[in-house]
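**Student:** Handing you this structure, nothing more for now.
The values are calculated or read from the model by the stated rules, or taken from the named source; none is laboratory data. From a predicted model like this one, the values you see are computed outputs, not experimental measurements. Glycine gets a Cβ as well: all are built from the backbone with ideal geometry, and neighbour counts include every protein chain shown. Side chains are part of the model used for accessible areas, which takes the heavy atoms of the whole protein and leaves out ligands, DNA and RNA. Shrake-Rupley method; radii C 1.70, N 1.55, O 1.52, S 1.80 Å.
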Amino acid sequence: QVQLVESGGGLVQAGGSLRLSCAVSGKIFNVNVMGWYHQAPGKQREMVATITSSGSTNYADSVKGRFTISRDNAKNTVYLQMNSLEPEDTAVYYCSADIQRTWYEREYHYWGQGTQVTVSS
């Protein structure tokens, strides 16, 4: 069974930093695009950053220059380094991955369980 296991959320003061990690567990063939999304109370889930298997990245305008997404393909793990955090960054952060479980299957989109990030002012 394929799972995305997240870690690294918590409470931090404005201006501080956090690093989120998300590892793919289970038997898989290939991991394509990985990403981070967040969802604040009463709002829709939004893309924060994505990264392809070759390292191409994409960021939401609100986090450009503050957040950095990276991945370790050997470990099937994606990271989100969050610096200069603002109270507006408070949300549940979800990792995602497009995964091909076997060579003969198509990709499926998977979500992590979510990790809370709270930034106090």
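**Student:** Over the chain, with the other protein chains present, what is the accessible area per residue in square angstrom, probe 1.4 angstrom? Present the calculation step by step, with values, prior to reporting the outcome.
**Tutor:** Working: 6580 Å² over 121 residues.
I get 54 Å² per residue for the chain.
**Student:** Rounded, prolate or oblate: which one fits segment 28-97, using the alpha carbon gyration tensor with axes a ≥ b ≥ c (rounded when a/c is under 1.5, else prolate when a/b beats b/c, else oblate)?
**Tutor:** Judged from the Cα gyration tensor, segment 28-97 comes out prolate (a/c at least 1.5, a/b above b/c).
**Student:** Same structure, new question: Give, in nm to one decimal, the length gained when the segment between LYS43 and ARG106 is fully stretched (0.36 nm per residue of separation minus the Cα-Cα distance).
**Tutor:** Values: separation 63, 0.36 × 63 = 22.68 nm, distance 3.09 nm.
In short, 19.6 nm is gained.
**Student:** In debye, nearest 20: dipole of the chain around its Cα centre with unit charges on the Cβ of K, R (+) and D, E (-)?
**Tutor:** 240 debye
**Student:** OK, next. Report the one residue of TYR104, MET47, GLY15 whose Cα lies farthest in the direction of the positive end of the charge dipole of the chain (charges on C-beta: Lys and Arg +1, Asp and Glu -1; origin at the Cα centre).
**Tutor:** Of the options given, the answer is TYR104.
**Student:** Next question, about the same structure. Once the whole set of protein chains is in place, how much accessible area is left on SER7, using a 1.4 Å probe, in Å² to the nearest 10?
**Tutor:** Its heavy atoms expose roughly 60 Å² to the probe.
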